[in-house]
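Student: Before anything else, here's the structure in question.
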């Protein structure tokens, strides 16, 4: 076993994680008060009972500091200056050996989420769908909600004891996300993809803080949302794999059948098939649900629903105001 693996095993025996331990090289002066206050603001968004405590009380409440001592999590989350331990290398490649643009980010973890997504948006395509509505509809080359989920998972679940850097490589037709830290030995990639595992968190304090800031909806549900996001776009499913000393996710800009089919009325062919897959996965749902999932206009969705109904592949069941869409032939369970 490597020293990193031995350290991780030791921490797990105490039901703890590396990020909860005091960092002897840092103190409260290394933290940014403004960043802590931004965290509190994120926690309070939409809450009936907002946090009213001062920043030190909040940090103590979440066990991120002990007096003037700070945990590894607190330093990574709220550091005033660069955090070399959190370095992420970003690149836009025209080929595996030719880089067109690059950026190194090593800020606090919350800032890294925005910085990484900004770089991705800078280097992927965006189209405008003409739907007949007064306002044009934007569509990124990849589902941005799914990419955001991948980025947050990278940052939250990274092994910060590993000396290697995280990296994101953007190519013309795919993006590669790499993170130090493999899946634990008791979870396989197959189990991860079907959700057949108990939620496991490498950095408990970091994950809990992201959840309090409302950046994580529910532990263990991120992979499902990523898969659904790409399915709703009609794109090939992402690849998840243990790779070298870490974990890699590869997402593709190509349609699910692996071929580029062109466009019809400003939308990628295969969107109707993606809608049918969503109706199969979520029977009984109504139009607003599928509009949100697919990020399309009401007019576009109605056109695709009409196509599927005319082919006899789906049907609407129930009253106009309470019913929903079902794949034809699927039995409805009545409780």
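The values are calculated or read from the model by the stated rules, or taken from the named source; none is laboratory data. Remember, predicted model here, so these are calculated numbers, not experimental data. Because the Cβ atoms are built from the backbone with ideal geometry, glycine has one as well, and the counts that use them run over all protein chains shown.
Student: Output the strands (runs of 3 or more DSSP E) that fall wholly within region 65-148 and possess 1 or more residues being within 17 Å of the chain's Cα centre (by Cα), or say none.
Tutor: 88-95, 137-140
Student: Looking only at region 209-243, filter to residues that are at positive phi and free of Cβ contacts under 8 Å to residues at least 60 places away in the same chain; which one of those is surrounded by the most Cβ atoms within 10 Å (Cβ to Cβ)?
Tutor: Per the stated criteria, the residue is 234.
Student: Taking only region 273-317 into account, find how many residues are in a loop (DSSP other than H, G, I, E, B) and within 12 Å of residue 327 (Cβ to Cβ).
Tutor: Residues in region 273-317 being in a loop (DSSP other than H, G, I, E, B) and within 12 Å of residue 327 (Cβ to Cβ): 6 in total.
Student: Just give me the residues in region 312-332 being at pLDDT below 90 and over 18 Å from residue 286 (Cβ atoms), in sequence order.
Tutor: Those that are at pLDDT below 90 and over 18 Å from residue 286 (Cβ atoms): 329, 331.
Student: Kindly list the number of the only condition in (1) modelled with pLDDT under 95; (2) outside the structural domain of residue 245 (by TED's automatic domain parsing); (3) in contact with a helix residue (DSSP H, G or I) (Cβ under 6 Å, 6 or more places away or on another chain) that fails for residue 131.
Tutor: (2)
Student: So, in region 100-128, how many residues would count as being modelled with pLDDT under 95 and surrounded by 12 or more Cβ atoms within 10 Å (Cβ to Cβ)?
Tutor: Residues meeting the conditions: 1.
This table checks each residue for (1) in contact with a strand residue (DSSP E or B) (Cβ under 8 Å, 6 or more places away or on another chain); (2) at pLDDT 95 or above.
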{"position": "4", "(1), (2)": "no, no"}
{"position": "7", "(1), (2)": "no, no"}
{"position": "22", "(1), (2)": "yes, yes"}
{"position": "28", "(1), (2)": "yes, yes"}
{"position": "31", "(1), (2)": "yes, yes"}
{"position": "36", "(1), (2)": "no, yes"}
{"position": "40", "(1), (2)": "no, yes"}
{"position": "46", "(1), (2)": "no, no"}
{"position": "53", "(1), (2)": "no, yes"}
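Student: Related question: Given the residues 81, 72, which is the only one that is exposed (fewer than 13 other Cβ atoms within 10 Å of the Cβ), closer than 25 Å to residue 203 by Cα and touching a helix residue (DSSP H, G or I) at 6+ places or on another chain (Cβ under 9 Å)?
Tutor: Only one candidate qualifies: 81.
Student: With 152, 187 as the choices, which residue is assigned to a loop (DSSP other than H, G, I, E, B) and surrounded by fewer than 22 Cβ atoms within 10 Å (Cβ to Cβ)?
Tutor: Sole residue among the options that is assigned to a loop (DSSP other than H, G, I, E, B) and surrounded by fewer than 22 Cβ atoms within 10 Å (Cβ to Cβ): 187.
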